[in-house]
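Worksheet: the structure to be examined is printed underneath.
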Amino acid sequence: MSLTGTPFLCTTIVLSVVALILPLALWSRMRGPQPLRVAARVLMLLFTQGTAVTLVFVLVNNQNNLYDNWADLLGTGNHVQEAANLGRDGTGGIALKRLPKVRQAFRAADGPGMRAAGGVRVTQLKGRVSGVNAEVYVWLPPQYGEPAYRNKKFPVVEMLPGYPGSAKAWFGSLKAHEQLLPLMRSGQVAPFILVAPRTNLLAGVDTGCANIPGQVNADSWLSIDVPKMVTDNFRAQPAPQGWAVAGYSAGAHCAVKLAVAHPDRYRAAVSMSGYNDPIGERNSLASQNPALRAENNPYLLLKKTAVPPRIALYVSGESGDGYQAGVALESIARAPTTVHVVFLPRSAGGHTMALWRPQVPTVFRWLTLQMGQNRARGEDGSLTGNAAGSPPRSPSSAGSTRAALASGTSSPADAGRRR
C-alpha cells in the first residue's frame, strides 16, 4: 500500500475511528481478572494514541510531501548504482555530445495534485554519467501540444525540493503547475517545461547536490543526466540560455550552487529560504569536511571566480532563514552576475510550504524576464530592483495580505530599505 496513496489514508482514518470507539464500547464491559482487564485497557489506549499519531503523520506528509514512499521513510532507499570519480567538471572526461540519445518511456504520475493542470508524467532514469537511478517528473506547458508551437523549443526550469522532501512536492504541495497554467495561457509567464528530479538519493542523508566519489554524484545527476534526458525527449531549449533551476530550503541551496558552479548549464536560479554553507543542513554529505564545504558553498565559489558568470539569482527569505544568504551573495556579485534579494517578514509563514507556495507566480515572472522569454504582461514591482523585498522598518504589515507578504509583492509603501 502506497505511503502517499488514498487507500492508506482511508485505512488510517478508519483505524482511528475504530480505536476511538473501542474504549467507549468495551471499557466497562471487560471481564476476567483485574490484571487482564487493566492490560486490555492499556492496549486500547495505546492503539488509540498510535492510530491518532499515524493519521496526523499521514496528513502532514501528504500536505508537505516529505516522504514519497516507505523506503524513504524507513531509510532503506538507495538510488546510487555507482559513484565514480568524475573530476571537477562532473563529466569524468566523457564527451557528452557524443553520448547516444536517451529515450525514455513516461507514464502518468500518481499522487495528490499529479492529475491536475493537464497531468504530470514520470519516468525512471538511469543516469549514464552519474550512476544514479531515480525518477524524474515532467510537466509540459499548455502551448506544448498546440499546432502553432509544433516547431518551438521551450525553456526549462528544474525544480528541487528540500530535505527530507519528495520531487512531487512542487506539484502536490506547492501546486506550481496549477498556479502557472493560467499565467502561461494569458502570457504573463513564459511556457516553461517543469522538471522535478529526485534529490533524496541515499538513505538518511542529504546529498547536498554534491559529487562525492564513492558515495554519490548528485551534481552530475542534476546538471548533466537529467537535462540530457529532457532535451532528448522533449522540445527543450539548449543550455544555458534556456535552463534555470529553482528550489526551497535545501533545494534552494542546491539551486544557487548549481547555477554558480555551472553557468554553462544554467542561466538563472531561484532560492527560497536557502543557505550558502552546506552545513545549513546538518545531514548534508557536502558538509563532511572543510574542503568539501568550500567546494559546495556558492558564496565562496562566486567570490573566488576570476570571470563573473552570466547568471541571475533570485534569493528570498526571512531574517535568519535565507535573507542574509542572499545579501551576502549580492555583496560580492559583479556584472554580469545579478542577485535580486527579497526580504520576507516573520509574519509571512515561516520555513513552510505556506511561505513558498505564494512565491511561485512571482519567481516565474522573474524567470520569464531574466531568461529573455515572452515578456510578462502584468507589471510586478518585485521584478526590478529591491524595493518591494527590503526589510520593513516596523512589524506592521500595513494591511498587506499574508500571500502578498510571502510572495514579496506587497506594496513598496509597506516596506522600507534598511540603511
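The values are calculated or read from the model by the stated rules, or taken from the named source; none is laboratory data. Just so you know, these numbers come straight off a predicted model, no measurement behind them. Cβ placement follows ideal geometry from the backbone for every residue including glycine, while neighbour counts extend to all protein chains displayed. Note: areas computed on protein heavy atoms with side chains; ligands, DNA, RNA excluded. Shrake-Rupley method; radii C 1.70, N 1.55, O 1.52, S 1.80 Å.
The residue of region 86-99 that is surrounded by the most Cβ atoms within 10 Å (Cβ to Cβ), among those that are under 19 Å from Lys126 (Cβ atoms) and at pLDDT 90 or above, is Gly90. Would you check if Ala239 is free of Cβ contacts under 8 Å to residues at least 60 places away in the same chain and either under 23 Å from Asn85 (Cβ atoms) or open to solvent by 10 Å² or more (accessible area, probe 1.4 Å) (or both)? Yes, satisfied. On the basis of being modelled with pLDDT of 95 or more, within 20 Å of Tyr163 (Cβ to Cβ), open to solvent by less than 10 Å² (accessible area, probe 1.4 Å) and outside any helix (DSSP H, G or I), does Ala190 make the cut? Against the criterion (modelled with pLDDT of 95 or more, within 20 Å of Tyr163 (Cβ to Cβ), open to solvent by less than 10 Å² (accessible area, probe 1.4 Å) and outside any helix (DSSP H, G or I)), Ala190 does not qualify. Looking at region 153-171, is at least one residue farther than 21 Å from Ala354 by Cβ, surrounded by fewer than 15 Cβ atoms within 10 Å (Cβ to Cβ) and modelled with pLDDT of 95 or more? Yes, there is a match, as at least one residue in region 153-171 is farther than 21 Å from Ala354 by Cβ, surrounded by fewer than 15 Cβ atoms within 10 Å (Cβ to Cβ) and modelled with pLDDT of 95 or more. Reported count of residues in region 32-66, each being part of a loop (DSSP other than H, G, I, E, B) and either modelled with pLDDT under 85 or open to solvent by less than 60 Å² (accessible area, probe 1.4 Å) (or both), is 3. In region 296-314, the residue that is farthest from the chain's Cα centre (by Cα) out of those that are assigned to a helix (DSSP H, G or I) and buried (at least 20 other Cβ atoms within 10 Å of the Cβ) is Leu302.
Within region 140-166, the set of residues being farther than 22 Å from Cys209 by Cα and assigned to a strand (DSSP E or B) comprises Phe154 only. Within region 211-226, the set of residues being over 16 Å from the mean Cα position of the chain (by Cα) and either under 10 Å from Ala286 (Cβ atoms) or buried (at least 24 other Cβ atoms within 10 Å of the Cβ) (or both) comprises Asn211, Ile212, Val216, Asn217, Ser220, Ile224, Asp225.
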